[in-house]
Every structure is written in structure tokens, then in C-alpha cells.
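The values are calculated or read from the model by the stated rules, or taken from the named source; none is laboratory data. In this text, all values refer to a predicted model and were calculated from it rather than measured experimentally. A quick note on method: Cβ atoms are made from the backbone with ideal geometry, for glycine too, and the neighbour counts reach across all protein chains shown. Protein only, heavy atoms only, side chains kept; ligands, DNA and RNA dropped before computing areas. Shrake-Rupley method; radii C 1.70, N 1.55, O 1.52, S 1.80 Å.
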Amino acid sequence: KVPGVHDVVNFSSEKRVYGVVLSIDLELYYGFNAQEVLLNAQQRLGRYIEEYSSINMVAVDVRAKRLIHDDPA
């Protein structure tokens, strides 16, 4: 759960020599600062995946694909 993120639209992973590259497309709630939300999601995903699975993350690419106008509460 990341504040401002509604759902994951698309997810892909690519194995590299030194670890894994993730590409994630997200639906964001309208009214949040998109850059802050995406940065927060990117940092959390990379940190939690490395911490809980011991998989080395080479990159975490996060993109906003859609905006949702519903109330996030």
C-alpha cells in the first residue's frame, strides 16, 4: 500500500547478470503529487523485494499509466 496508488496495471521482470529489473505501470489517484507517489512506490518496492527475498534489484522502473478520480479513502 502506497498512498496515492490505486492499482497495478502491468508488471514485468527481466533477469540480468547482476539481478532483476522490474517494470511496473500504476493507476494513481487524482490529486496526489505524481512524482512523489512514483518515487515512494519505486523506493518501497526495491527495498522490500531486496529485504524479503534477497534478490538484487538492478532497477525498478515505475510509470503512471492512468488516473482515477475516485476518493482514495
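Could you please find all residues in the stretch 1-19 being in contact with a helix residue (DSSP H, G or I) (Cβ under 8 Å, 6 or more places away or on another chain) and open to solvent by less than 50 Å² (accessible area, probe 1.4 Å)?
Val2, Gly4, Val5 - these are the residues of the stretch 1-19 that are in contact with a helix residue (DSSP H, G or I) (Cβ under 8 Å, 6 or more places away or on another chain) and open to solvent by less than 50 Å² (accessible area, probe 1.4 Å).
Could you list, in sequence order, all residues of the stretch 22-36 that are open to solvent by less than 30 Å² (accessible area, probe 1.4 Å) and either closer than 13 Å to Asp61 by Cα or charged (D, E, K, R) (or both)?
Leu22, Ser23, Ile24, Asp25, Leu26, Glu27
Grab the strands (runs of 3 or more DSSP E) fully contained in the chain, keeping just those with 2 or more residues being among the hydroxyl-bearing types (Ser, Thr, Tyr) and touching a residue at least 12 places away in the same chain (Cβ under 8 Å).
Numbers: elements: 5-16, 19-29, 57-68.
Counting at least 2 such residues, we get 19-29.
From the residues in the stretch 53-71 that are open to solvent by 60 Å² or more (accessible area, probe 1.4 Å) and under 17 Å from Tyr30 (Cα atoms), which one is modelled with the lowest pLDDT? Before the answer, list the steps.
Residues of the stretch 53-71 open to solvent by 60 Å² or more (accessible area, probe 1.4 Å): 54-56, 58, 61, 63, 65-67, 69-71.
Restricting the remaining residues to those that are under 17 Å from Tyr30 (Cα atoms) gives 63, 65-67, 69-71.
Details: Arg63: 96, Lys65: 95, Arg66: 93, Leu67: 93, His69: 88, Asp70: 76, Asp71: 61.
The residue in question is Asp71.
Kindly provide the set of residues from the stretch 37-49 that are surrounded by 14 or more Cβ atoms within 10 Å (Cβ to Cβ) and among the hydrophobic types (A, V, I, L, M, F, W, C), ordered by number.
Val37, Leu38, Ala41, Leu45, Ile49
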